[in-house]
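Everything on this sheet refers to the single structure shown next.
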There are 2 protein chains.
Amino acid sequence: MTATARTITLFRADVPESRHPMMGVVCDAAGTVVRAWGADPHAMVFPRSALKPLQALPLVESGAADAFAVSDAELALACASHNGLPMHVERVAAWLDRIGCTVDDLECGAHDPYDAGATRTIYEHHDKPSALHNNCSGKHTGMLTVCRHLGLPTKGYSDAHHPLQQRILTTYAETSGTPEAAMPVGIDGCSLPAAAMPLSGLATAMARFADPDGRFAPARAEAARRLCRAWAAHPELVAGPNTFNTDAMVLSGNRVLLKRGAQGVYGGCVPEKGLGFAIKAESGNSVAADAMTAVVMRELGLVDDEVWKKMVDLPYFRETSWRGLPAGTYRPEDGWPA
Amino acid sequence: MTATARTITLFRADVPESRHPMMGVVCDAAGTVVRAWGADPHAMVFPRSALKPLQALPLVESGAADAFAVSDAELALACASHNGLPMHVERVAAWLDRIGCTVDDLECGAHDPYDAGATRTIYEHHDKPSALHNNCSGKHTGMLTVCRHLGLPTKGYSDAHHPLQQRILTTYAETSGTPEAAMPVGIDGCSLPAAAMPLSGLATAMARFADPDGRFAPARAEAARRLCRAWAAHPELVAGPNTFNTDAMVLSGNRVLLKRGAQGVYGGCVPEKGLGFAIKAESGNSVAADAMTAVVMRELGLVDDEVWKKMVDLPYFRETSWRGLPAGTYRPEDGWPA
């Protein structure tokens, strides 16, 4: 294990303007830390939406996905923080309908689509966003699907005391190697329980998705493989166009599966190496987390020279003035890795 | 001078989720540091829009404000990062018209109003935001007013080589005590030059606004007093409803004049004490800067017990889920000061 400090910095006129100390850790499926950056690879973090692939395990393991003929696209949406485009919203609506639920059953609340154009369209129609536009609507529909299949109450499915949420907490413990009692639980933006765990625990869970045999019981191993296939097949559903999450997956040829979480988190799954990684910007800054994810992908040898040029040139790392002049850039304070 | 580390932290379930190391400094009009928090009171920072009151000095000093009968409300808008509400946009449009300019003369570019309702209204009308909605439109109109008065070209007024921008750079040097050559200059969001200076330089300039006699030549001292009167009289024009900037000024009885800047900056002017202060979140986080501003106001004895209760209860310091459940809180990691 090597530990290197790494700070992502916003430069203006090549002078540092704002700084984001980063934590990153790569683990194998045994939970061994194979590489680390920053203060503490075992720091307690809230992975937020980076936990969505773990939250989707019961959907497959319980048999609910098979019973309701859940497609790979729908499984990708169960793992998604989507942008609220028609391709996301319409699929979630059709899935809800198929399980005999409606938008009123979703307990995630409503917010404007992350995609600015989708928001504009809603306003132009003098309409309001619904819970379908919530970036978590696919995950919540997956949870309703499990409740339907297991005969659990759908009302209150988002409550920490609901049997499904208890099962998900146990899933976190089993996959990350963190005892349930050691995970503080708060409330997420979509009103679900938000658990904290060591950053290395998230990386370990991601590694076990990448290399499940022998680490997971056969049914869970098969569920992890199926979710990884769906995740890799639909990068545009897991986040959306004009996001680093989707663009970086596509640039990697979908060899790296990425899931962003609020407050500067990423979980990454690298099936070909049997590794997982986890990233947290101490400040919670999401662009800094994008940049650090690029660094980790490069330093793990997952991005060749040609793709690397495209990756560091992604627009997310540039600030332009409203008139279009170049104004600032995000990059590692000591430069992008070669 | 006392130096105390101070970190503003986002807590979830009372567990730290994201951390923002803060820098803050209080200076008197001599430029003496009287109080400091964090790493380095002399750290180079980009004050961004916290420089707007300084940028407005030539508008008054040059005689342009008198020549064009610029009102106190318009002077407040010259110092503003406004929310793009009709009260802001209509006043800027009328001012532009009075100096014989139009929206096409503004070089700030267009962006959606910071106020979500104002943005919604534009979209509902199938319209686009104009440069009038840009939070900097008042400042840019003030600059056009100076150009009109002095016979300078209006086209290109935002360029670093334009005589007005050169004059403004000299104004920064004179008011902050920072040599021009020691100020790196980049590009701001509104395409104007963005200068960097020591955090203590911004606090010193703010202190000289608060206590200008003997520090500024008589014309500049009178200009500073006039801008402070306008700033104090129109807190809702300097930022807008539903902003910490405006709410905190009003809660202080407008005894404290505040100007936020992008990337977690505040400049503060306290006329009754002849002091100025400056704040920078190392991460650039704006909510952390709001919270640190509250801390500094309290620790300077500018907020009584009753107002303090209201200030720490402002909604900007709370995260709620989209369904309305309490989810997170921003506060100093070691607690709000008593």
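The values are calculated or read from the model by the stated rules, or taken from the named source; none is laboratory data. Treat the numbers as computed from the prediction; the structure is a model and nothing was measured. Ideal geometry is used to build each Cβ from the backbone, glycine not excepted, and the neighbour counts take in all protein chains shown. Surface accessibility is based on the protein's heavy atoms, side chains included, excluding ligands, DNA and RNA. Shrake-Rupley method; radii C 1.70, N 1.55, O 1.52, S 1.80 Å.
Below is a table of values for the structure above.
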quantity: Failed criterion for A:S130 (all others in (1) within 14 Å of chain B (Cβ to nearest Cβ); (2) under 19 Å from the mean Cα position of the chain (by Cα); (3) open to solvent by 10 Å² or more (accessible area, probe 1.4 Å); (4) of a type in the set (G, A, S) hold); calculated: (2)
quantity: Hits in segment B:160-191 - residues which are more than 15 Å from B:R220 (Cα to Cα), among the polar types (S, T, N, Q) and open to solvent by 40 Å² or more (accessible area, probe 1.4 Å); calculated: B:Q166
quantity: Odd one out for A:E319 among (1) open to solvent by 10 Å² or more (accessible area, probe 1.4 Å); (2) away from chain B (no Cβ under 14 Å); (3) touching a strand residue (DSSP E or B) at 6+ places or on another chain (Cβ under 6 Å); (4) not basic (K, R); calculated: (2)
quantity: Residue ID - nearest to B:L132 (Cα to Cα), chosen from residues in segment A:316-338 that are touching a residue at least 60 places away in the same chain (Cβ under 8 Å) and not acidic (D, E); calculated: A:A327
quantity: B:E282 open to solvent by 40 Å² or more (accessible area, probe 1.4 Å) and more than 14 Å from chain A (Cβ to nearest Cβ); calculated: no
quantity: Top-ranked residue in segment B:92-111 [being under 26 Å from B:R225 (Cα atoms) and of a type in the set (A, V, I, L, M); ranked as most open to solvent (accessible area, probe 1.4 Å)]; calculated: B:A94
quantity: Residues within segment B:175-194 that are free of Cβ contacts under 8 Å to residues at least 60 places away in the same chain and among the charged types (D, E, K, R), tallied; calculated: 1
quantity: Wholly within segment A:211-276, helices (runs of 4 or more DSSP H) carrying at least 1 residues that are open to solvent by less than 30 Å² (accessible area, probe 1.4 Å) and without any contact (Cβ under 8 Å) to a residue 12 or more places away in the chain; calculated: A:218-233, A:244-251
quantity: Any chance B:S191 is hydroxyl-bearing (S, T, Y) and within 14 Å of chain A (Cβ to nearest Cβ); calculated: yes
quantity: Residue among B:Y157, B:Y114 that alone is in contact with an Asp or Glu (Cβ under 7 Å, 6 or more places away or on another chain) and either on the phi < 0 side of the Ramachandran plot or open to solvent by 10 Å² or more (accessible area, probe 1.4 Å) (or both); calculated: B:Y157
quantity: When residues of segment A:158-180 are limited to those that are more than 14 Å from chain B (Cβ to nearest Cβ) and hydrophobic (A, V, I, L, M, F, W, C), the one nearest to the chain's Cα centre (by Cα); calculated: A:I168
quantity: Check on B:D304, open to solvent by 10 Å² or more (accessible area, probe 1.4 Å), acidic (D, E) and in contact with a helix residue (DSSP H, G or I) (Cβ under 9 Å, 6 or more places away or on another chain); calculated: no
quantity: Members of segment A:285-295 that are open to solvent by 10 Å² or more (accessible area, probe 1.4 Å) and within 14 Å of another protein chain (Cβ to nearest Cβ); calculated: A:N285, A:S286, A:V287
quantity: Residue identified as out of contact with any strand residue (DSSP E or B) (no Cβ under 9 Å at 6 or more places or on another chain) and surrounded by fewer than 21 Cβ atoms within 10 Å (Cβ to Cβ) among B:P326, B:P332, B:P337; calculated: B:P337
quantity: Tabulated pairs, segment A:126-146, first within 20 Å of B:A116 (Cα to Cα), second aromatic (F, W, Y) and open to solvent by 10 Å² or more (accessible area, probe 1.4 Å), C-beta under 8 angstrom, 6+ apart or interchain; calculated: A:N134/B:W322; A:N135/A:Y114
quantity: Residue count, segment B:93-127 (criterion: more than 9 Å from every other protein chain (Cβ to nearest Cβ) and among the charged types (D, E, K, R)); calculated: 6
quantity: Number of positions in segment A:291-307 that are in contact (Cβ under 8 Å) with a residue 12 or more places away in the chain, of a type outside the set (G, A, S), in a helix (DSSP H, G or I) and out of contact with any strand residue (DSSP E or B) (no Cβ under 8 Å at 6 or more places or on another chain); calculated: 2
